[in-house]
Amino acid sequence: MLMVKIIAVLLISASVGILYRIPRKLLLYVSFVGMVAWLIMYITMRLGGNGILADFLASVAVGVIAEILARILRKPATIFIIPGFIPLVPGGDAYMTMLYMVEGNYVDGVAKGMQTILTAGAIAFGIFVSSTIFRLIKNYNLESCSTDVRKS
Amino acid sequence: MAISLEQMVSLAALAGEVMLKNGAETYRIEETMDHMAKACGASTVESFVIPTGVFLTVSDEVGHTLTVMRRVRDRTINLDRISKVNELSRSLVAQRMGYEDAKGILTSISKERTGFSLLPSMLASGIIGGGTAVLQNALFFETLAAFAAAMIVRYIAHIVSKLHGVQFSFEFLGGMAVAFCGVLLHSIWPHLRPDAVIIGGIMPLVPGVAITNAIRDVIAGDLLSGMSRGLEAALTAAAVAMGVVIILALKV
């Protein structure tokens, strides 16, 4: 079953790439990013971590791999980030929230809704963290380059 | 080798317009316009980009200044074009390409029909839906239904984009269609659950570009763009949820 799910994740990430019209040559890289992220989420959940932590770790991984690939292949990092995090989106939680709310089960609905928002926030914050780190490295390199030029 | 001020401005503004139309981040557009105008020989360049428009001021060595503004209305998502303009700007800065070539290539990028036509993107959307259903431990027929629902979503997107639909109408209608598929399946074959169908079907509607750009704009300090893109993502999610909820409420 795990093998089937991994194949599903690979296909999902590549399809998101097709839907957002990324360059065709990069579809393979993109599905790799998605698979690594999903596996990190899956393993964290298996080891007993909660969903929010798992999504956070996975989306940090998406950001880091995407920025590294962007440097190597000289493409915008967005291309790798978007298909990478789509398999992590808490669609199931969002659906349960809607269902509870419609049924009038507001206690469970609000609880699920909070969990959905926190999970989505964890994904966003994971990308935030990794992009910030890479921006700091880039600015640091620019800074040291310009001082080198001034020295020489 | 003399490139006039008007030519510099039109080249850089066209590049910015193409990138903004296809969903690039704000800082990337501003940096690209700066680099392109500087590579053409401008002495100072100031650029300002918001999600609905591009502003550009270029000065040459003589001291003449020219400002243009481009209003951008129809925004789509085409990351291929962004990466092409990015490469173009890199080779222009590295002097591997002259002004005339760059202008020609940029015009063809903005006009060409890149990417995939309706059927491949419908299939891709369907695979996203079916794959997500698999991740939710769906049965085989539920996976198939999720595949069909997500394909229908893409077809609705095609129709709405032809009608120049109002913002968020596509997401709302897509959510409704997906929920309808799920509920219909459940009422025909009661042993199949609608959950996986609806979860899979709404996955292609996730505003991935808006979320990513909102985060990256905020980090880069473009708070105005970041906030408005964050709001776009939130409203898109709300529109999908409303579409699904209406159908679910009718059923209950």
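Some notes on this structure:
- Each residue in segment A:40-85 was checked for being within 18 Å of A:Ile18 (Cβ to Cβ) and of a type in the set (Phe, Trp, Tyr), and 2 of them qualify.
- For B:Val72, the conditions (1) at pLDDT below 90; (2) out of contact with any Asp or Glu (no Cβ under 8 Å at 6 or more places or on another chain) are fulfilled apart from (2).
- Looking at segment B:166-252, the helices (runs of 4 or more DSSP H) lying wholly inside it that each contain 2 or more residues that are farther than 20 Å from A:Asp93 by Cβ and in the same structural domain as B:Ala148 (by TED's automatic domain parsing) sit at B:169-188, B:208-220, B:223-251.
- Total residues in segment B:145-177 satisfying the condition of being farther than 21 Å from B:Lys251 by Cβ and either of a type in the set (Ser, Thr, Tyr) or surrounded by fewer than 21 Cβ atoms within 10 Å (Cβ to Cβ) (or both): the figure is 13.
- Filtered residue count, segment A:55-82, keeping only those that are touching a residue at least 40 places away in the same chain (Cβ under 8 Å), among the β-branched types (Val, Ile, Thr) and farther than 20 Å from B:Ile128 by Cα: 2
- The listed residue being within 14 Å of another protein chain (Cβ to nearest Cβ) and surrounded by 18 or more Cβ atoms within 10 Å (Cβ to Cβ), out of B:Leu5, B:Leu11, B:Leu92, B:Leu20: B:Leu20
- In the set (1) part of a loop (DSSP other than H, G, I, E, B); (2) away from chain A (no Cβ under 11 Å), the condition left unmet by B:Met151 is number (1).
- The helices (runs of 4 or more DSSP H) falling completely within segment A:1-117 that include 2 or more residues that are open to solvent by less than 20 Å² (accessible area, probe 1.4 Å) and within 7 Å of chain B (Cβ to nearest Cβ) map to A:2-19, A:78-85, A:91-103.
- Tally, over segment A:14-49, of residues that are more than 23 Å from B:Arg113 (Cα to Cα), modelled with pLDDT of 90 or more and not aromatic (Phe, Trp, Tyr): 14
- Per the listing B:Ala179, B:Ala220, the residue uniquely within 13 Å of another protein chain (Cβ to nearest Cβ), over 30 Å from A:Thr132 (Cβ atoms) and in contact (Cβ under 8 Å) with a residue 40 or more places away in the chain is B:Ala179.
The values are calculated or read from the model by the stated rules, or taken from the named source; none is laboratory data. Keep in mind the model is a prediction, meaning the values are calculated, not measured. Ideal geometry is used to build each Cβ from the backbone, glycine not excepted, and the neighbour counts take in all protein chains shown. Please note that ligands, DNA and RNA were not included when accessible areas were found on the heavy atoms of the full protein model with its side chains. Shrake-Rupley method; radii C 1.70, N 1.55, O 1.52, S 1.80 Å.
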